[in-house]
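Only the coordinates and a few stated rules stand behind these numbers; no lab work does. Given the structure is predicted, the values throughout are model-derived calculations rather than measurements. Backbone-built Cβ (ideal geometry, glycine too); neighbour counts: all protein chains shown.
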Amino acid sequence: MYTFSDLVNITNKLRSKDGCSWDREQTHESLKQYLLEETGEVIQAIDSRDQENLCEELGDVLFQVMIHSQIAKENQDFTIDDVVNGICEKMIRRHPHVFGDKKEISAEEGEALWSAIKMQEKARKKRKKP
């Protein structure tokens, strides 16, 4: 069975000089349509309750994340490790009831807490911009 590390290596190989010319030519902009397409296919699989197809389509969305991250790495903007780190930090930060004080809350309270924390983060980012 392949691992996440294998996927990183496969994506890197596809974009390398010895890889695929089509993959090498792609940019964030040229890939937008595929990200949208693959997301739509995930939604269709969910709607049809087709777990096998859902698994496949989630892999296609994951590959979109991988190739965008590889392009960003090549441009020295960020890496897949930065993406993973960022989402881990966000999930921990936005779930203080799980990773902080361990207070159990309802789903509705969790959603409200998520929204409140998200709004605070956006306000902080806005204040930091010149």
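In debye, nearest 20, what is the charge dipole magnitude of the chain about its Cα centre with +1 on Lys and Arg Cβ and -1 on Asp and Glu Cβ, if you could check? If you can, show how the numbers build up before the last one.
Numbers: 20 positive and 25 negative charges, 244 e Å.
Result for the chain is approximately 1180 debye, rounded to the nearest 20.
For Lys13, which aspartates and glutamates qualify as cross-link partners when the Cα separation must be under 12 Å and same-chain residues fewer than eight apart are set aside?
Asp23
Which of the lysines could a cross-linker bridge to Lys126, judged by Cα under 20 Å and excluding same-chain residues fewer than eight apart?
Lys90, Lys118
Taking 7 Å along the Cα-to-C-beta vector as the label spot, tell me the Met119-Lys17 distance in nanometres, rounded to one decimal.
5.4
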